[in-house]
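Just so you know, all these numbers are worked out from the coordinates, no wet-lab data involved. As the structure is a computational prediction, the values presented were derived from the model and not from experiment. Ideal geometry is used to build each Cβ from the backbone, glycine not excepted, and the neighbour counts take in all protein chains shown.
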There are 2 protein chains.
Amino acid sequence: MSVRAHQQPVLGILGGMGPLATADFITKMTQALPAKCDRDHIPWITLSQPGIPDRSESIQSGSDAPLPYLTSGVAWLAAQGVSQIVIPCNTSHFWYEQMQAASAVPILHIADAAVNELKKTSLPEAGPVALLATRGTVRTGIYAGRLKSAGYRVVELDDEEQTTLDNIIHCVKAGDVAPARERMQRLEAALHGKGVKMAILGCTELPLAHDRRQPALPVIDTSLALAKEALRRLGYLELEKAGE
Amino acid sequence: MSVRAHQQPVLGILGGMGPLATADFITKMTQALPAKCDRDHIPWITLSQPGIPDRSESIQSGSDAPLPYLTSGVAWLAAQGVSQIVIPCNTSHFWYEQMQAASAVPILHIADAAVNELKKTSLPEAGPVALLATRGTVRTGIYAGRLKSAGYRVVELDDEEQTTLDNIIHCVKAGDVAPARERMQRLEAALHGKGVKMAILGCTELPLAHDRRQPALPVIDTSLALAKEALRRLGYLELEKAGE
């Protein structure tokens, strides 16, 4: 039985990295869509595989352990007839080329979506930007190259700041969101004090720790950027939400 | 290519009814699971088909228009090797028997999960319970029979109250959550004034309109009840969350 027998899922989502980040991505995508009833919404399919080996640890130890899960996951989504695939996990994009090679349909790169979103802000290109991400994502260089090409100056975190960030990400994955929020607020304020003008939340756990109502620093939410870019490419952001 | 080549999704979720209710269900399920890292979480697959014809309107007009989407959706999920299927939409359970007949794996009935949750509360069985649901769900009788069998007295909404409720559900589906919350608070307070002791949020849009922090009435959240019951049946609620 093919899924095509009923409603075609146009978007494929490879999830579980982590599970709460996947839920957050789906929520943001749903809220970003200018729909007035169920039927205006995008049909999608999500495969959530939380058992994939840790991406950041694998990159740091030189292991490709997550790769078979990632390539077979995207290949399976492509086989269901989706038109576009997204992976709401920054670190897994270290294996982007291998995933794209395994998928017959385009995979939207999260860093492309995030840097496109950054370009829409009023931040001058010379304004210092901090990348808040796992050690694995920092090492992949998926943001550094794109930001430099676009003319942004990138401020690197020192080891103490990166350790604080690792701890925040771990707390969100463990469901301890309150302490993560407090530490995130202090880290953002410290970066702001050092002259940082904007932070890229380059890990999909971080929007869950960031205080959207009283932010200590303006941020690019890479989950939201990925959701909006996917909706845009699939023609679901053509209408503005009434009243906005 | 089979999904079994990588990580087996143990739970199948038929979503899109509505899209925000599906996101809410996934979020609640993730938060209800006593996990300390990604790998403790449940693997799942969701097919979100927001284009399914309106369930409540179909029931009221005597149409089975949603049925082909529902049966092929659950059959497709079953074919992916899931162990259990859930449908976070109360109204669609009008076609429960036909869906179960189309699926080789068990479908957990949302009203069974909700009434099991109600039985765990301190509400005496004779305490009046209000069913807040679409006109379609009310007409299906999926709650009335179960509540009566369990010894609960059910208070029916009058036509004006039901119209208010229809409007709240419509607002949530359209993404207008703020006015929905205000009307929901007033409706709950009015029911409380009439002696209602507990409300069943028998539509998965309603938890998004209910004020969890300052509830005017204690409620059973059928999305959360469905999530917890699914996790329990699949052995994912055996450990208590540390510190609770």
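The angle between the Cα long axis of helix A:177-193 and the longest principal axis of the Cα atoms of chain A comes to about 50 degrees, rounded to the nearest 10. In chain A, the beta carbon lying closest to the axis that superposes A onto B belongs to the residue given here with its whole-angstrom distance, A:Thr46, 2.
Would you tally the net charge around B:Ile107, using a Cβ to Cβ cut-off of less than 14 Å, leaving B:Ile107 out, and scoring K and R as +1, D and E as -1? List each step's numbers first, then the result.
Numbers: positive: B:Arg233; negative: B:Glu97, B:Asp112, B:Glu229.
Computed value for this residue: -2.
In the assembly of identical copies, B:Arg139 has its label point, taken 7 Å from Cα in the direction of the beta carbon, separated from the corresponding points by 6.0 nm (ascending, one decimal).
Could you sort out which of A:Lys28/A:Lys119; A:Lys197/B:Lys36; A:Lys36/A:Lys120; A:Lys228/B:Lys28 sit more than 31 Å apart by Cα distance in this structure? From the list (A:Lys28/A:Lys119; A:Lys197/B:Lys36; A:Lys36/A:Lys120; A:Lys228/B:Lys28), the Cα-Cα distance tops 31 Å for A:Lys197/B:Lys36. Please determine, in degrees from 0 to 90 and to the nearest 10, the orientation of helix B:222-233 with respect to the longest principal axis defined by the Cα atoms of chain B, where the helix direction is its Cα long axis. Roughly 40 degrees, rounded to the nearest 10.
If each DSSP helix of 4+ residues adds -39,500 (n - 2.57) and the sum is divided by the residues in chain B, what number results at 222 nm, nearest 500 deg cm²/dmol? Can you show the working numbers first?
Working: 10 runs with 109 residues, N = 244.
Rounded to the nearest 500, the figure is -13500 deg cm²/dmol.
What does the charge count around A:Leu131 come to, taking other residues whose C-beta lies under 12 Å from its C-beta (Lys +1, Arg +1, Asp -1, Glu -1)? With Lys, Arg at +1 and Asp, Glu at -1, the net is +3.
Taking loop as defined by DSSP and a crowding limit of 15 other beta carbons within 10 Å, which GluC sites (Glu not before Pro) in region A:29-125 fit?
On the way: sites: A:Glu57, A:Glu97, A:Glu117, A:Glu125; in loops: A:Glu125.
Sparse-neighbourhood loop GluC sites (Glu not before Pro): A:Glu125.
Placing a label point 7 Å from the Cα of A:Gly81 along the Cα-to-Cβ direction, the distances to the matching points in the other copies come to 2.2 nm, shortest first.
Only sites in a loop by DSSP and with at most 16 other Cβ atoms within 10 Å count here; which trypsin sites (Lys or Arg not before Pro) in region A:22-128 make the cut?
Hits after loop and neighbour filter: A:Lys36, A:Lys120.
Inter-copy label distances at B:Thr121, using a point 7 Å along Cα-to-Cβ, come to 4.4 nm with the shortest given first. Relative to the dominant Cα principal axis of chain B, helix B:19-32 is inclined by about 80°.
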